[in-house]
Amino acid sequence: MKFILLAEGATEIIAVAGLLKRWLDSRLTKEKVRVEPVPLGGWANFRKEVVKRAQAHLDGPERREIIAVIGLLDLYGPTFWPRHCRTFKERHDWGVKHFEKAVRRAKFRMFFAVHEVEAWILSQPEMFPIEVRASVAKLATKPEEVNFDHPPSKRLSDLYNAKTGRSYKKTTDGKALFQKLDPDMAAGKCPGLQAMLSEMLRLAENHEQDKGMKAKG
């Protein structure tokens with residue numbers, strides 16, 4: 001059984017898929033789950049392609065193995081928000097309703113990282129190079145409050161430049177950090193991530209139960 005993860009970038013989202021899988025596998029007792037990342041190449045292309053891609057997976061030859069198709073975007077970056085959506089909660093709630101209504105499938109869920117997926121790695125400062133560790137620790141208590149004004153990836157880039165003399169790179173540094181990240185620690189400090197993981201777990205458990213009932217029948 002598997003989730004399809006529709007998201008933006010390629011290299012980083014593969015590591016995010018691994019993080020989600022590690023958390024789910026630690027809680028599912030009957031069967032391990034796959035999280036298959038499908039990068040859509042930026043938020044603008046995500047917006048254009050998500051309906052077609054989600055429906056193609058849910059109607060495809062592996063549809064019975066698919067627990068759900070998951071959409072994931074950063075709150076920071078997209079510019080499609082209505083003018084009245086100013087706070088992160090307003091943007092989050094509008095975005096979830098907008099994309100789930102557009103896809104219109106029971107097995108589709110939309111999520112947003114608050115304010116970027118990099119917020120999740122801020123939860124574990126001991127993973128970082130020693131030069132930036134103390135600075136990251138100041139952000140680690142409530143990583144999702146690192147906001148639109150100075151989002152996590154830009155904050156990390158500034159810290160790396162100031163403390164190490166080089167830039168933070170999502171494709172190398174980000175990937176390596178996500179592979180080290182303890183999903184329980186990240187979820188404990190990032191309510192948005194915890195909500196996403198809890199819903200994915202609920203869907204996976206329901207999928208297991210449905211398979212068991214069909215096997216008995």
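Being at pLDDT below 95, β-branched (Val, Ile, Thr) and at negative phi is a description that does not apply to Val132. Considering segment 98-120, the residues that are without any contact (Cβ under 8 Å) to a residue 24 or more places away in the chain and in a loop (DSSP other than H, G, I, E, B) include one that is farthest from Leu58 (Cα to Cα), namely Arg104.
What tally of residues in segment 136-145 results from selecting those that are within 15 Å of Leu177 (Cβ to Cβ) and surrounded by 15 or more Cβ atoms within 10 Å (Cβ to Cβ)? Full working, then the answer.
If we filter segment 136-145 for residues that are within 15 Å of Leu177 (Cβ to Cβ), which is where we start, we get 136-137, 139-140, 143.
Those still in the list that are surrounded by 15 or more Cβ atoms within 10 Å (Cβ to Cβ) too: 136, 139-140, 143.
Number satisfying all stated conditions: 4.
For Thr11, the test of being surrounded by fewer than 16 Cβ atoms within 10 Å (Cβ to Cβ), in contact with a Ser or Thr (Cβ under 9 Å, 6 or more places away or on another chain) and of a type in the set (Ser, Thr, Tyr) is passed.
Kindly indicate whether Leu40 is farther than 27 Å from Gln124 by Cβ, crowded, with 21+ Cβ neighbours inside 10 Å and more than 13 Å from the chain's Cα centre (by Cα).
Details: farther than 27 Å from Gln124 by Cβ: yes; crowded, with 21+ Cβ neighbours inside 10 Å: yes; more than 13 Å from the chain's Cα centre (by Cα): yes.
Taking the combined requirement at face value, the residue satisfies it.
Scanning segment 17-46 for residues that are assigned to a helix (DSSP H, G or I), out of contact with any Asp or Glu (no Cβ under 8 Å at 6 or more places or on another chain) and closer than 26 Å to Met185 by Cβ yields Gly18, Leu19, Leu20, Lys21, Arg22, Leu24, Asp25. Of the helices (runs of 4 or more DSSP H) contained entirely in segment 157-217, those carrying at least 1 residues that are more than 18 Å from Lys142 (Cα to Cα), acidic (Asp, Glu) and at pLDDT below 95 fall at 191-216. If we scan segment 139-146, do we find a residue that is over 18 Å from the mean Cα position of the chain (by Cα), over 15 Å from Val117 (Cβ atoms) and assigned to a helix (DSSP H, G or I)? No. Taken residue by residue, segment 153-168 has at least one member that is of a type in the set (Lys, Arg), over 21 Å from Arg22 (Cβ atoms) and crowded, with 16+ Cβ neighbours inside 10 Å. Pairing each residue of segment 72-92 that is under 16 Å from Ala7 (Cα atoms) with any residue that is aromatic (Phe, Trp, Tyr) and part of a helix (DSSP H, G or I), provided the two are 6+ apart or on different chains, yields C-beta distances under 7 Å for Leu73/Trp43; Leu73/Phe46; Leu75/Phe88; Gly77/Trp43; Pro78/Trp43.
Determine whether Ser123 is in contact (Cβ under 8 Å) with a residue 12 or more places away in the chain and outside any helix (DSSP H, G or I).
Numbers: in contact (Cβ under 8 Å) with a residue 12 or more places away in the chain: yes; outside any helix (DSSP H, G or I): yes.
Yes.
Of the residues Lys175, Lys189, the single one that is more than 26 Å from Lys89 (Cα to Cα) and among the charged types (D, E, K, R) is Lys175.
Considering only residues that are in a loop (DSSP other than H, G, I, E, B), small (Gly, Ala, Ser) and at pLDDT 95 or above, which ones fall in segment 47-88?
We begin by selecting, within segment 47-88, every residue in a loop (DSSP other than H, G, I, E, B); these are 59-62, 75-87.
Applying the additional criterion that residues be small (Gly, Ala, Ser) yields 60, 77.
The one that is in a loop (DSSP other than H, G, I, E, B), small (Gly, Ala, Ser) and at pLDDT 95 or above: Gly60.
Here is the figure for segment 14-32: residues that are under 22 Å from Asp210 (Cα atoms), among the β-branched types (Val, Ile, Thr) and crowded, with 20+ Cβ neighbours inside 10 Å total 0.
The values are calculated or read from the model by the stated rules, or taken from the named source; none is laboratory data. Bear in mind the structure is a predicted one, so any value in this text is a computation, not a measurement. Here the Cβ is made from the backbone with ideal geometry for all residues, glycine too, and neighbour counts use every protein chain on show.
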